[in-house]
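In what follows, a single structure is set out as structure tokens and then discussed.
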Amino acid sequence: MAATSAPIKVDVGTDQLISHAAHFLGKAKKDVVDAAVREYIEAHRNEINDGIRVALNQLDGSPKSAVSLLAGLSPDQLDEYGGMPAES
């Protein structure tokens, strides 16, 4: 199966850094970005996992908890904005 790619947008300064690194490393820009992202994620894996745990702890299986998490609102704030329709 061929790998698919998706475009990403970076600011001009970052693009220049990627271009210079790719040139002097003799690599394609996409390979530099791929390696950088993988290294960054590995270096921050504990923080990412902590965020996942916090998010999962907020979910109780109800639509209200899912909407609350996705909207970035506490369940009380969600209720203040009209709450969720009653489940049937």
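Table for the structure above
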item	result
Test result for Leu59, loosely packed, with under 10 Cβ neighbours inside 10 Å and at pLDDT below 95	no
Qualifying residue in segment 71-82 (condition: surrounded by 10 or more Cβ atoms within 10 Å (Cβ to Cβ) and in contact with an Asp or Glu (Cβ under 8 Å, 6 or more places away or on another chain))	no
Test: residue in segment 39-47 that is hydroxyl-bearing (Ser, Thr, Tyr), farther than 30 Å from Asp15 by Cα and without any contact (Cβ under 8 Å) to a residue 12 or more places away in the chain	no
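A quick yes/no check of all residues on (1) surrounded by 11 or more Cβ atoms within 10 Å (Cβ to Cβ); (2) over 30 Å from Ala66 (Cα atoms); (3) more than 22 Å from the chain's Cα centre (by Cα); (4) charged (D, E, K, R):
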site	(1), (2), (3), (4)
Val10	yes, yes, no, no
His20	yes, yes, yes, no
Phe24	no, yes, yes, no
Asp31	yes, yes, no, yes
Ala36	yes, yes, no, no
Glu42	no, no, no, yes
Glu47	no, no, no, yes
Gly51	yes, no, no, no
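The values are calculated or read from the model by the stated rules, or taken from the named source; none is laboratory data. None of these values were measured; they are calculated from a predicted model. All Cβ positions, even for glycine, are placed from backbone atoms using ideal geometry, and neighbour counts span all protein chains on display.
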